[in-house]
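The numbers here are math on the coordinates, done by the rules we state, and not lab data. Source: prediction; values computed, not measured. Neighbour counts run over all protein chains shown; Cβ positions are idealised from the backbone, glycine included.
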Amino acid sequence: MEFSSKFSRRGFIRTGALGIGALTLSSRLAALAAHLEPNKKLGVALVGLGYYSQGQLAPALQQTQNCYLAGIVTGTPAKAVSWAQKYNIPQKNIYNYQNFDQIANNPDIDIVYIVLPVFMHKEYTIRAAQAGKHVICEKPMALNASDCEEMIAACKKAKRMLTIGYRLHFEPYTMEVMRLGQKHVFGKIISLENANGFNYRGNPNAWRLKKAMAGGGSLMDMGIYAIQGARYTVGQEPIAVKASQEKTRPEFFTEVDETVFWELEFPGGLKTKGKSSYNNNWGYLRAQAEHGSFELEPAYNYGPILGKTSNGPMTFPQVNHQAAQMDDFAYCVATNKPNRVTGEEGLKDMRVVDAIYRSLDSGKTEKILG
Ligand code: NAD
């Protein structure tokens with residue numbers, strides 16, 4: 001398919017993906033509105049029809065302008081039937097995990113969205129790219145940084161775009177925090193603390209509690225947002241980390257972490273504090289800069305996200321994060337523009353995660369490799 005043929009510039013401002021903080025907020029919001037002609041929408045296939053696909057992504061794909069729910073990949077025949085009916089998906093666009101690679105022959109599917117347990121992200125990202133599809137992979141990108149590197153290399157080799165499901169890059173309050181921090185709007189950041197977590201009382205046999213399937217516990221699932229948050233607010237890459245952990249229910253969290261605390265060290269000496277939990281309902285980011293402060297709370301959920309600065313409350317439109325994220329990626333694919341959340345973003349976070357787990361083992365400060 002010729003992607004550039006799907007692009008219409010008419011009436012819309014597109015500023016390109018220049019990396020976090022490179023644009024003003026208004027130009028970033030305008031960029032989010034960039035759209036393709038209605039008959040040029042790209043087809044998305046969701047792989048894995050669990051909680052996130054069912055509750056967020058499929059509904060968001062009813063609101064997207066640049067892409068639509070064209071196909072599904074599921075191992076559960078009953079889901080294939082109910083989804084086909086609900087979303088009007090033709091039989092030829094429904095795959096299972098055995099015949100997944102045949103998706104290569106399906107021109108209806110432009111983008112494959114991997115919404116599987118973490119241990120499956122690498123395999124399905126690579127298979128999707130080899131099938132000639134562009135890939136959205138959910139967070140955390142993979143079990144470790146070296147798997148992320150393989151995924152990036154495979155997509156590059158196949159000449160397919162890869163993005164990670166970091167929906168907050170398309171959320172206006174978060175975009176404002178990126179600007180405030182990276183542009184030193186209140187001066188340099190002198191302290192930052194953020195946290196993300198929930199009180200996990202679910203199924204004790206869930207994949208999220210198995211180290212081999214999830215890679216870790218609250219740090220992988222929830223802490224990844226706080227690591228991202230520190231990186232995109234400070235606008236630098238951390239160089240070292242010191243971490244500790246706490247377990248109030250060791251009999252429940254036998255394989256994975258429950259609550260993790262860490263301190264990231266940035267070039268220049270700034271140290272930021274982060275924490276993740278499967279035992280606390282946390283979701284905030286607070287930054288103190290030389291001449292003022294800013295914060296988000298809630299900072300990481302599906303919205304509404306709320307925020308204020310030392311000058312008063314922030315007021316931005318609330319958007320559907322997933323719809324904005326998928327629309328932007330589809331636009332980038334169709335117009336062959338770099339997308340702002342590349343695989344490298346996921347890799348950089350996983351390098352931090354790897355170092356945090358090394359620090360939990362060693363009890364020492366660990367360098368973040370890269
Ligand atoms: P889930 O357990 O509800 O769904 C996983 C799906 O994978 C299920 O449909 C399951 O049947 C399928 N699956 C296929 N093979 C499997 C196997 N061998 N073992 C277990 N399941 C298998 O999980 P979820 O909450 O939908 O999470 C999926 C991914 O989405 C994870 O990477 C998660 O971190 C991510 N996620 C992201 C957000 C976000 O805001 N970006 C929110 C929730 C989940």
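Taking every Cα-Cα distance in the stretch 293-370 and sorting them into 5 Å bins from zero, the calculated P(r) comes out as 3, 12, 12, 11, 14, 18, 16, 10, 3, 0 percent. Using C-alpha pairs below 8 Å separated by at least 6 residues, the relative contact order for the chain is 20 percent.
Report the longest stretch of the chain that contains none of the trypsin sites (Lys or Arg not before Pro) sitting in a DSSP loop with at most 11 other Cβ atoms within 10 Å.
Values: sites that count: R9, R10, K159, R201, K364.
The segment 202-363 is the longest one with no such site.
Spin-label model, Q98/E37: points 7 Å from Cα along the beta carbon direction are separated by 4.2 nm.
Working note: Cα atoms of the stretch 177-267, range along each principal axis, descending, whole Å: 47, 22, 21. Computed across the chain, the Kirkwood radius stands at 21.0 Å (inverse of mean 1/r, all Cα pairs). Rounded to whole numbers, the Karplus 3J(HN,Hα) couplings from phi for the stretch 177-190 are 4, 4, 5, 4, x, 6, 8, 6, 4, 9, x, 5, 6, 10 Hz, using 6.51 cos²θ - 1.76 cosθ + 1.60 with θ = phi - 60°, and x at Gly and Pro. Please list, in chain and number order, the residues 5+ apart from N279 or on another chain whose amide H is under 5 Å from its amide H, with Hs placed from the backbone. Correct list: F198, Y200.
Tally Lys/Arg at +1 and Asp/Glu at -1 over every other residue whose Cβ is under 11 Å from the Cβ of V115; what's the total?
Values: positive: K139; negative: E138.
Residues close to V115 contribute a combined charge of 0.
Loop-resident GluC sites (Glu not before Pro) (DSSP state other than H, G, I, E or B) in the stretch 195-296 with no more than 15 further Cβ atoms inside 10 Å of their Cβ: E251, E255, E290. A P(r) calculated from all alpha carbon pairs of the stretch 35-167, with 5 Å bins opening at zero, reads 2, 11, 22, 25, 21, 13, 5, 1, 0 percent. Looking at the chain alone, DSSP beta bridges between its own residues are antiparallel in about 60 percent of cases. For the pairs K183/K367; K211/K273; K210/K364; K210/K247, note any where the Cα-Cα span goes beyond 19 Å. From the list (K183/K367; K211/K273; K210/K364; K210/K247), the Cα-Cα distance tops 19 Å for K183/K367; K211/K273; K210/K364.
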